[in-house]
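Everything on this sheet refers to the single structure shown next.
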Amino acid sequence: MNPNAKLFVTLILTALLAGLFAQPAEMMQIPLQQDPAVLSGQLANGLSYYIMRNPKPANLAELRLYVDVGSVNEDADQLGLAHFTEHMAFNGTKNFAKNEVVEYLSSIGMGYYNGLNAMTSYDYTVYQLKIPTDDSAKLNQGLLILSDMAHQVSFEASEIERERGVIIEEWRLGQDAGSRVRDAQNAVFLAGSRYSERSPIGKREVLESFEHDTIKRFYRDWYRPDLQSVVIVGDFEPQDMLALVERYFGVIPKREEVRPREDFSVPENLAPQAIVTTDPEYPNNLLQVMWKKDVQRMSNLGEYYDNLKTSLFYTMLNLRLEEKSKTADPPYSFAAATEYPLLRTMSAAMMFAMYTQGKSEEALRTVLTEAERVQRYGFLPSEFERAKIDILRGAEQDVAEQGTRESGRIAWEIVDAVSNQNVFTSAEFRQMLTQELIQAITLEEVNALVENLIQDKNMFIGLAGPQKEGLTYPTKERLLEIASGVNSLEIEPYEDKTVNEPLLEVIPEPVAIKKESFDAKSGVNIWTLANGVKVYAKKTDFKNDEVLLQAISPGGFSRYDTTDVPAARLVSGYISDAGFGKFDAISLGKATAGKVARVNLSVDTYQESFDASCSPKDMELMFQMLHQYAVNPRFDRADFASYLQRTKTFYQNRNLDPMNVFMDRVQKELYQNHPYAKSLADADFDTIDMDAVERIFRDRFADFSDFSFVIVGNFDPEQLKTYCRTYLGNLPCGGRLEKPKDVNIRLRKGLQSIWFNMGSTDRAFASTLLNGKYNSSTKNKVMLDALEFVLNEKLRENIREERSGVYFIQAWQSTTSYPDSRYTVGTMMGCAPARLKELNDAIFATLDSLRAGNIDKRYLVAANATLRQQFDENIKSNRFWIYQLKSDIWQGRKLASFLDEPAFFDQIDLKNIAKAAKKYLRFGKNQLSVFMLPQVQE
């Protein structure tokens, strides 16, 4: 901990004890201390820099260029050109012609496949890439790229015209029901502001017709050093990096005469506003109640203190809203409240709910009643103490994770601080400050915050839902009437119901380990417990505060009749929602306040499983929860009816969205509409009963003899062994050893082409899937991964860049081992209907070119570098290890067979990739193509 930070907090504590918070004016203006690990400043030209050493991942740096302008800064003839400018930065700069930026970064494994990206918002633009730090030439090239983007984008005429089509296709993809609802609501909520007239994607008429100098004018006006910040986090010496920043960014000329960067406010609305928006393709039942607020900064002591109060307030309010969702016949399936900086000049306090169909009025009344309940009676001391415990534990977790945070995450946290004009502080500083300040906050102060939430001024109610026969909605006048009437309702005080008992009444006695072994290659300890349960444990130091657990057993719902499939798919969600023993989900959350542990279980087609995680200090709690979920789950008919209603709300209108229908249709056709492969979207929820869910659960989790548990993370080995012997060793085992049951789920064979019409937007989607037999081996996996990479690169260049035909085009591959070993290679794109045939033919021409071996060497070099880089990063990830180990166990392979992959990266050559293309891109045998065109308008 930095000694200056300790002194800062000590002075605050002294002031607290002296009662200075009764006279807060000067005290509250004390600036927060920036994380001393960050080297920051401003170059002579006005460009700001934030540089921080962080060794994870090793030999890498995460780079961000933050530009303090977005779509709100566009002139009337530039709508959409802030975002267009972002695209052009990848299409040629002074030192990198045309696509050379992308080609170079791909050649060193850092292209689109591995971190290269950018984004544009209303208020700012961010470019991101990562670069090796153990190769000075590559590091210098990366900084040159970012410097060029900052001030030397070429804007060649041919590239602008080529990118124009791509941007229009991105615009086209966004024209869905969600955007129509959002635009209608923003027109009211942001009325009278420049934000209501701007959006990052812009206007199609501008995108189609703007003159080239119009976008150059935007770049000249706004891409200048006084509006730019460079954020660099990674494995390097900060002073060395600063010298490079000065070399590459200090040369950017300072602007003497600049166009002022204005802030644009959103007018207040003195009277409440409301809007009801419906759309025949909108699949959600969404209610939002919002209030315009002044932006909350985090730059001084007073703002930090206010932020803590706000966090306490919403922590308690959200738990009450969640509790209401668990009632019988709930008015909403989910609700939450939050406050966040919506725009540069405005924050928004929000309460939102996914309301039950037909219960929008009740949902609105319920969420506002909870706020009114706080206003009348306040929160309870017991709630207040739990909220403080949760926030303190969050601060403690941040400190525990400090040494193993990844550079990309830190870089984005700094960007967030810059964009919101906050001070970027260290985790240790925040923990010390939180520990002291939270003790000074009174419950009365937190309760008083509700007065700033529930008020007529700046209130906005947005109700959105599907437009379909039989559904009616309240008018906006009715919504306002409900809101105004909440303060006259009879409301009872909140009752804080808790279960003050241990999670387990009796801790089981540890059982013996009857067999131990160690796999040297993977570093995995293997224990067979007395009851037959197998444990695979790998200790790592990848993350200080993380332990992951997954378990798997052959079986699944394929062992039941097809009529049981919907009930089986609900086992996971219901058990998690219901809790165990005397603890329902709400009381369990209260009992484990300040703890970091979660456990989920599921039943899938061929297996039942657990997925859990925890902080090392809460590892015993995770095991206790797992044990209780396994042997003592709650089955309550009222709770089940509530859960079923909430789940139904999520699925019942899903098929109104054309994209959902398209994706489901692809899956259904691929698996030949097999009843065991259907999702819950096809389920008749009215026919699912709790008895079936309970019967399936009690059968699948009755015997743990064939369960394998995989545990990866920063655990104490002896402690872990004790918990496994105690909680896993006492799971019921009767010697059942099952195998998956083959119910004849097979990928479609032969040629099939499906065409259908849906949707009102002028856009089309196409997906083609090829499948065949797959011989599983490490070499084949590497070659299939490399083929996927090369195919994606060629499709991007041929279909998106050369033909300007799409924004989105994607290829992917997957393999299955059961019931038979098969591969699938798929492509998908969205485009203009008029160009569907042309572009689909171009996709197949690209596949043909790969089969013919027309593969430039640069694709092979990039595939090798990218797969190698991804492997080097993944091998330091707990999640990667646990997934790979579980897959090895499931498929009966030797542990950690994936460690052999690097030996095959250098075999990614023309001969092997052309061979893989001929083997896997066989589009004349087992080929499924699905096309969706818009609905024909009568």
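Key figures
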{"quantity": "Reach of Lys911 by Cα under 13 Å, taken over aspartates and glutamates that are not fewer than 8 positions away in the same chain", "calculated": "Asp856"}
{"quantity": "Which of Trp755, Trp890, Trp881 is most accessible, then next, and so on - probe 1.4 Å", "calculated": "Trp755, Trp890, Trp881"}
{"quantity": "Residues with amide H under 5 Å from that of Gly358, placed H, sequence gap 5 or more", "calculated": "none"}
{"quantity": "Gain in span if fully extended, Thr442 to Gln907, counting 0.36 nm per residue against the direct Cα distance", "calculated": "160.8 nm"}
{"quantity": "Charge dipole of the chain about the Cα centre (unit charges at C-beta), most positive-ward option of Gln455, Gln935, Leu791", "calculated": "Leu791"}
{"quantity": "Bridge type composition, segment 513-730 - antiparallel percent by DSSP, nearest 5", "calculated": "85"}
{"quantity": "Accessible area per residue in Å² at 1.4 Å probe, computed on segment 685-756", "calculated": "45"}
{"quantity": "Listed peptides 87-96, 25-34 by packing density, highest first (mean Cβ within 10 Å)", "calculated": "87-96, 25-34"}
{"quantity": "Hull-based mean projected area of segment 50-157, where the convex hull spans the alpha carbons, in square nanometres", "calculated": "7.3"}
{"quantity": "Sequence ranges 41-54, 704-717, ranked by mean other-Cβ count within 10 angstrom, highest first", "calculated": "704-717, 41-54"}
{"quantity": "Semi-axis lengths (Å, descending) of the ellipsoid that matches the C-alpha gyration tensor of segment 521-583", "calculated": "31, 18, 13"}
{"quantity": "Segment 725-782 and segment 901-938: distance between their alpha carbon centers, rounded to Å", "calculated": "17"}
{"quantity": "Whole-angstrom gap from segment 181-243 to segment 96-113, using each part's C-alpha centre", "calculated": "23"}
{"quantity": "Calculated FRET efficiency for the pair Asp742/Glu469, C-beta based, R₀ 45 Å, to 0.05", "calculated": "0.60"}
{"quantity": "Solvent-accessible area per residue for segment 853-922 (1.4 angstrom probe, square angstrom)", "calculated": "49"}
{"quantity": "Spacing of the two label points (7 Å from each Cα toward its C-beta) at Asp75 and Asp564, in nm", "calculated": "7.0"}
{"quantity": "Ordering of 600-611, 150-161 by burial proxy (mean other Cβ atoms within 10 Å per residue, highest first)", "calculated": "600-611, 150-161"}
{"quantity": "Rg and Dmax [Cα atoms of segment 513-730; Å; Rg one decimal, Dmax integer]", "calculated": "19.0, 56"}
{"quantity": "Other-chain or far-sequence residues with amide H under 5 Å of Ala274's (modelled H)", "calculated": "Ile461"}
{"quantity": "Per residue, in Å², the accessible surface of segment 592-647 once ligands and nucleic acids are set aside, probe 1.4 Å", "calculated": "32"}
{"quantity": "Rg ratio (alpha-carbon, reference 2.2 N^0.38 Å) - segment 820-937", "calculated": "1.38"}
{"quantity": "Cβ-Cβ FRET estimate between Gln239 and Lys915, R0 fixed at 45 Å, reported to 0.05", "calculated": "0.35"}
{"quantity": "Length gained when the stretch Glu718-Ala520 is fully extended (0.36 nm per residue, less Cα-Cα span)", "calculated": "69.4 nm"}
{"quantity": "Ser158/Arg220 FRET efficiency (R0 22 Å; Cβ-Cβ; nearest 0.05)", "calculated": "0.60"}
{"quantity": "Cubic angstrom per residue, convex hull over Cα atoms of segment 196-339", "calculated": "292"}
{"quantity": "Set of lysines near Lys721 by C-alpha distance (under 17 Å), chain-local residues within fewer than 8 positions excluded", "calculated": "Lys514, Lys515, Lys534, Lys538, Lys539, Lys617"}
{"quantity": "P(r), alpha carbons of segment 653-752 - 10 Å bins starting at zero, rounded %", "calculated": "11, 24, 26, 23, 15, 1"}
{"quantity": "Alpha-carbon centroid distance for the pair segment 688-708 / segment 534-560, whole angstrom", "calculated": "19"}
{"quantity": "Full-stretch length increase - Ala58, Asn95 - with 0.36 nm per residue and alpha-carbon distance subtracted", "calculated": "10.5 nm"}
{"quantity": "All-pairs Cα distance distribution in segment 264-330, expressed in whole percent, bin size 5 Å", "calculated": "3, 10, 12, 15, 17, 21, 12, 7, 3, 1"}
{"quantity": "Within the accessible area of segment 455-495 (1.4 Å probe), percent carbon and sulfur", "calculated": "43"}
{"quantity": "Solvent-accessible area, 1.4 Å probe, carbon plus sulfur percent, for segment 751-933", "calculated": "49"}
{"quantity": "Cα radius of gyration and Dmax for the chain (Å)", "calculated": "29.0, 82"}
{"quantity": "Convex hull per residue volume in Å³, alpha carbons only, for segment 429-570", "calculated": "385"}
{"quantity": "Kirkwood hydrodynamic radius over Cα pairs of segment 578-648, then Stokes diffusion coefficient at 20 °C and 1.002 mPa s, in µm²/s", "calculated": "161"}
{"quantity": "Residue-averaged [θ]222 nm for the chain, counting only DSSP H segments that reach four residues, each worth -39500 (n - 2.57)", "calculated": "-12500 deg cm²/dmol"}
{"quantity": "Directionally averaged projected area (convex hull, Cα atoms, segment 38-250), nm²", "calculated": "12.4"}
{"quantity": "Quotient of C-alpha Rg and 2.2 N^0.38 Å, computed over segment 364-407", "calculated": "1.80"}
{"quantity": "Sulfur and carbon atoms: percent of accessible area, segment 239-325 [1.4 Å]", "calculated": "47"}
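The values are calculated or read from the model by the stated rules, or taken from the named source; none is laboratory data. No experiment lies behind these values; they were computed from the predicted model shown. Positions of Cβ are generated from backbone atoms using ideal geometry, with glycine treated the same way; all protein chains shown enter the neighbour counts. Keep in mind that these areas ignore ligands, DNA and RNA; they rest on the heavy atoms of the full protein, side chains included. Shrake-Rupley method; radii C 1.70, N 1.55, O 1.52, S 1.80 Å.
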